[in-house]
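Student: This structure is in structure tokens; I'll ask about it shortly.
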Amino acid sequence: MDYKNIIDKVKNSIPRNVDGVEKIVIIGDEIERLSSQEMLVLKGKFESLLEKMIEKNASDIDIGGWGCGKFAWYRVNDRKNPEENIGEFDIIETDILLQSMFIKKQREVLYKKKNLDFSYQIDINGGYIRFRGDVYFDLNHICLNIRFISSKIRPFNDLGFHPNVSKVLNLTYEKSGLILITGVTGSGKSSTLDSIIDANNKTVDAHIIIIASPVETIHKPNRCIIRHREVGRDVESFKEGTIQALRQDPDIIVVGEMRDSDTIMTVLEVTDSGHKVFSTLHTASAVESIDRIIAECPSQEQERVRTRLADTLQCVISQKLIPGLDKKLVLAKEVMLMIPPIKAAIKNNNISEIYQMINESSDKGMITLEKDLLMLYKQNKISLENAINYANNKKRMNELLGIFN
């Protein structure tokens, strides 16, 4: 059964007078009518792109829509380039190929929200390899970014945390509180969170519930029961998963992302009830993270949220991945631990003072991003240019480096 013949079969069933989302929906309906054998052929074609990814040691693939120009693009060593050796893909072909990877319910979410997060798994030589994907629209056509998820979990000790920070992250020493891992997309938040989960799994007898969209790393139970609940597949939303977790006897709840005010309010309530909760935010610093949480909530709730956050927040780790001199990515981080002056600053809405408190509390295990970048530069791990470019506070970075303009 030929791949191109199946693509042409679906193409020929699309009315010429339709466009946009209507055309995408019709393609989805036609895919539903394909035989299981035809679906297997499409699946094989898609998975060949993923196998090429493994072969090239690429971190990402982009394909589909107008922006890719008929090619699949692979990111290798932080550079994206088209892979011309596997041929061209016309724009309707990728509309068909990408939709064939989803069940009907997933396609319905895509049509409604114009976006779909998902996880995918392939079997290579008897071992499972996982990917995280995002499908979205590009000028009325669908396109995909899919990222390789390493099955190798970075050893916790390699993260380089101060002993005080390590204790806050471990259930043995701290039974409750909110810990945030923050950073922009691609900053390694999930990898850091996986290392923390793995460390608890190896050292504590407990029950960990992970609510994610999508689930990336699958943790094998060691000393912990570990549940993986994917939003849209195993549970309706982060909020619902967090509420339901309370009835499942958890010791640690991992909420993949605090995306909206409902999830934020729920997480704070759950943490306030005495649970240990880990979550992530798309923010670049501890101060920005605190501001974001408060600003995301309704104005009439912000005072209560500020007080609850001050009472429950234990630690904020904000991180970036910096290109290293050895061509590998290097982790740089800012770490804030909750101490009485920071708690008072949050409650009294003096959040701008927190950066200086972090700066003055290195003996307690805290560090600003700028000090961490300086250390990495002095250790010859990153360049001077990248130390400055990746700093949140460039004026402070220049002062630390002794550069004055």
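Student: Out of every Cα-Cα pair in the range 21-179, what percent are more than 29 Å apart? Intermediate values should be presented prior to the final figure.
Tutor: Numbers: 3935 of 12561 pairs.
Here the tail beyond 29 Å accounts for 31 percent of pairs.
Student: At a temperature of 25 °C and a viscosity of 0.890 mPa s, determine how fast the range 214-350 diffuses translationally according to Stokes-Einstein, using the Kirkwood radius over alpha-carbon pairs as Rh; express D in µm²/s, rounded to the nearest whole number.
Tutor: In µm²/s, the coefficient rounds to 149.
Student: Between residue 25 and residue 77, what is 0.36 nm times their sequence separation minus the Cα-Cα distance? Round to one decimal in nm. Please list the in-between numbers first.
Tutor: Numbers: separation 52, 0.36 × 52 = 18.72 nm, distance 3.65 nm.
Between residue 25 and residue 77, full extension yields an extra 15.1 nm.
Student: Next question, about the same structure. Quick one, which of (i) 4, 15, 14, 9, 11, 12, 9, 6, 8, 8, 5, 1, 0; (ii) 4, 21, 33, 28, 12, 2, 0; (iii) 4, 20, 28, 24, 16, 6, 1 is the actual P(r) over Cα pairs in 10 Å bins from 0, in percent calculated for this model?
Tutor: Among (i) 4, 15, 14, 9, 11, 12, 9, 6, 8, 8, 5, 1, 0; (ii) 4, 21, 33, 28, 12, 2, 0; (iii) 4, 20, 28, 24, 16, 6, 1, the one derived from this structure is (iii).
Student: Then there's this: Suppose R0 equals 25 Å; then what is the FRET efficiency for residue 292 and residue 170 from their Cβ-Cβ distance, rounded to the nearest 0.05? Numbers along the way, then the final one.
Tutor: On the way: r = 26 Å, r/R0 = 1.04.
About 0.45, to the nearest 0.05.
Student: Based on the Kirkwood radius over alpha-carbon pairs, what is the Stokes-Einstein translational diffusion coefficient of the range 91-179 at 20 °C with 1.002 mPa s viscosity, in µm²/s?
Tutor: Calculated translational D: 130 µm²/s.
Student: What does the charge add up to near residue 345, with Lys and Arg as +1, Asp and Glu as -1, over the other residues with Cβ less than 14 Å from its Cβ? All intermediate terms of the calculation are to be shown ahead of the outcome.
Tutor: On the way: positive: 306, 343, 347; negative: 291, 311, 353, 360.
Charge balance near residue 345 sits at -1.
Student: Show log10 I(q)/I(0) for the range 1-79 at q = 0.17 Å⁻¹, two decimals, from a solvent-free Debye sum over equal Cα scatterers.
Tutor: -0.84
Student: Ordered by packing density, taken as the mean number of other Cβ atoms within 10 Å over each peptide's residues, highest first, how do 320-330, 189-199, 244-254 rank?
Tutor: Ranking the peptides 320-330, 189-199, 244-254 by packing returns 189-199, 244-254, 320-330.
Student: Scan the range 132-187 for trypsin sites (Lys or Arg not before Pro) in coil per DSSP, keeping those whose Cβ has at most 16 other Cβ atoms within 10 Å, and list them by number.
Tutor: 152, 175
Student: Expressed as a fraction of 2.2 N^0.38 Å, the rule-of-thumb size for a compact globular protein of N residues, what is the C-alpha radius of gyration of the range 330-395?
Tutor: The reported ratio for this selection is 1.23.
Student: What's the center-to-center distance, using Cα atoms, between the range 101-176 and the range 206-252 in Å?
Tutor: 14
Student: Sticking with this structure for a sec: Going by Cα centres, the range 1-73 and the range 302-320 are how many Å apart?
Tutor: 44
Student: Below 8 Å, C-alpha to C-alpha, sequence gap of six or more: please give me the relative contact order for the chain in percent.
Tutor: 11
Student: Peptides 81-94, 59-72, 257-270: what's the order by average Cβ count within 10 Å, highest mean first?
Tutor: Taking the mean over residues of other Cβ atoms within 10 Å, the ranking is 257-270, 59-72, 81-94.
Bear in mind these aren't lab numbers, they're just calculated from the coordinates by the rules spelled out. These figures come from a predicted structure and were not determined experimentally. Backbone-built Cβ (ideal geometry, glycine too); neighbour counts: all protein chains shown.
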